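Below is one structure; the comments refer to it alone.
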Amino acid sequence: MPNIGLFIVCVLIWGSTWIAITYQLGHVAPILSVAYRFSIAALILGLFCKIKGLSLTLPAAIHLRMLMVGLCLYTLDYTLLYYSEQYIISALVAVMSSSIIYINVVLRRLLLKKPIRTEVIWGATLGLVGVFLIFLPEFGQLGTNTMLWVGIGLAMASFFFAAMGNVVSEQILDRGTPVVQMNFWAMSYGVMFTTSYALFTNTPFLLPNSTEYWTALIYLALFGSVIAFGAYMQLVQRMGSDKAAYVVLMYPIVSLLISTLFEGFNWHWPAITGVLFILLGNAIAMGKLKRKPPQPVI
């Protein structure tokens with residue numbers, strides 16, 4: 001699939017997972033929802049490898065890095081994200097997720113010694129302005145709700161670990177590791193961490209009696225984890241984690257549309273302007289608006 005197709009898959013699916021997560025809140029501890037989600041996703045990936053005859057044998061050094069991805073991306077990132085959405089609406093989480101791009105750029109430079117691409121910084125900055133304009137009314141709540149700050153802190157910690165997982169994933173993929181096998185092991189390690197934590201804290205392993213919970217869980221596992229992460233990791237492999245992370249500035253638009261239907265979001269002119277800023281920033285970040293070199297004077 002071409003990069004644009006992979007990009008669209010990630011944007012459409014992850015733009016809808018914000019609201020899907022809210023249907024799981026309050027039924028079981030968030031750590032269990034994360035464990036259930038990635039258990040199903042890892043099982044699907046494992047069966048796919050078995051059917052296709054794909055080897056799951058990888059070097060020990062790669063396993064250590066996949067263990068880190070499992071801890072950062074599939075354990076801490078999503079667990080903290082689930083907890084944060086108990087205090088703030090999904091649209092505001094989508095706004096703050098834009099910070100992943102900047103964290104990715106810094107970590108990519110520090111850990112992988114790869115150059116900082118200025119088009120990504122400029123594009124991300126325009127996109128961040130756009131996202132801020134879209135959800136401008138949400139910031140009026142910051143001074144009136146103390147628990148909102150708790151949610152913001154949890155969300156920001158979540159995005160730091162997401163960025164760390166992205167950069168380590170790029171390092172793994174740079175070594176020629178297949179995407180499907182990497183995701184299988186990383187998600188499996190994530191399940192190991194989340195389940196161990198649940199056992200250590202004596203969290204009751206409950207199975208909710210709720211159709212909406214299980215519908216959301218299957219959607220998040222199959223589409224949000226198996227398909228979207230498969231597409232995303234291919235983008236990381238082809239474009240780098242800095243450019244691939246730009247999906248976090250695009251899927252708030254999808255989140256916005258869904259929030260309009262389910263959370264009563266009201267459109268306003270700053271929101272429309274914000275969408276235009278995001279689209280312009282995307283064009284810059286992906287190198288679609290590069291300056292032409294000056295023509296020689298004859």
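For Ala283, state whether it is in a helix (DSSP H, G or I), at pLDDT below 75 and under 17 Å from Pro2 (Cα atoms).
On the way: in a helix (DSSP H, G or I): yes; at pLDDT below 75: yes; under 17 Å from Pro2 (Cα atoms): yes.
Considered against the rule, which asks whether it is in a helix (DSSP H, G or I), at pLDDT below 75 and under 17 Å from Pro2 (Cα atoms), Ala283 comes out as yes.
Considering only the stretch 219-236, I want to know if a residue exists there that is among the aromatic types (Phe, Trp, Tyr), more than 30 Å from Arg108 (Cα to Cα) and free of Cβ contacts under 8 Å to residues at least 40 places away in the same chain.
As a first pass, look at the stretch 219-236 and keep what is among the aromatic types (Phe, Trp, Tyr): 219, 223, 229, 232.
Next, from what is left, pick out any that are more than 30 Å from Arg108 (Cα to Cα): 219.
If we keep only those that are free of Cβ contacts under 8 Å to residues at least 40 places away in the same chain too, we end up with none.
No; the residues of the stretch 219-236 include none that is among the aromatic types (Phe, Trp, Tyr), more than 30 Å from Arg108 (Cα to Cα) and free of Cβ contacts under 8 Å to residues at least 40 places away in the same chain.
May I ask you to verify whether Met187 is modelled with pLDDT of 80 or more, under 19 Å from the mean Cα position of the chain (by Cα) and either farther than 22 Å from Phe223 by Cβ or not in a helix (DSSP H, G or I) (or both)?
Details: modelled with pLDDT of 80 or more: yes; under 19 Å from the mean Cα position of the chain (by Cα): yes; either farther than 22 Å from Phe223 by Cβ or not in a helix (DSSP H, G or I) (or both): no.
Criteria not met by Met187.
Could you grab me the full set of residues in the stretch 166-187 that are among the charged types (D, E, K, R) and crowded, with 19+ Cβ neighbours inside 10 Å?
Glu170
Does Tyr213 satisfy the criteria of being surrounded by fewer than 22 Cβ atoms within 10 Å (Cβ to Cβ), of a type in the set (Ser, Thr, Tyr), more than 26 Å from Leu112 (Cα to Cα) and under 19 Å from the mean Cα position of the chain (by Cα)?
no
In the stretch 193-268, which helices (runs of 4 or more DSSP H) lie fully inside it and hold 2 or more residues that are among the hydrophobic types (A, V, I, L, M, F, W, C)?
Passing ranges, in order: 211-219, 228-239, 247-262.
Identify the residue in the stretch 1-18 that is without any contact (Cβ under 8 Å) to a residue 60 or more places away in the chain and β-branched (Val, Ile, Thr) and, among all such residues, is nearest to Phe229 (Cα to Cα).
If we take residues in the stretch 1-18 being without any contact (Cβ under 8 Å) to a residue 60 or more places away in the chain and β-branched (Val, Ile, Thr), then Ile8 is nearest to Phe229 (Cα to Cα).
Among the candidates Ile40, Ile21, Ile51, single out the residue that is β-branched (Val, Ile, Thr), surrounded by fewer than 20 Cβ atoms within 10 Å (Cβ to Cβ), assigned to a helix (DSSP H, G or I) and touching a residue at least 60 places away in the same chain (Cβ under 8 Å).
Going through Ile40, Ile21, Ile51 in turn, just one is β-branched (Val, Ile, Thr), surrounded by fewer than 20 Cβ atoms within 10 Å (Cβ to Cβ), assigned to a helix (DSSP H, G or I) and touching a residue at least 60 places away in the same chain (Cβ under 8 Å): Ile40.
Checking Phe223 against (1) crowded, with 23+ Cβ neighbours inside 10 Å; (2) more than 13 Å from Asn3 (Cβ to Cβ): exactly one of these is not met. Which one?
So Phe223 meets the others, but not (1).
The values are calculated or read from the model by the stated rules, or taken from the named source; none is laboratory data. Remember, it's a predicted structure, so these values are computed and weren't measured experimentally. Methodologically, a virtual Cβ is constructed for each residue, glycine included, from the backbone with ideal geometry; neighbour enumeration extends over all protein chains shown.
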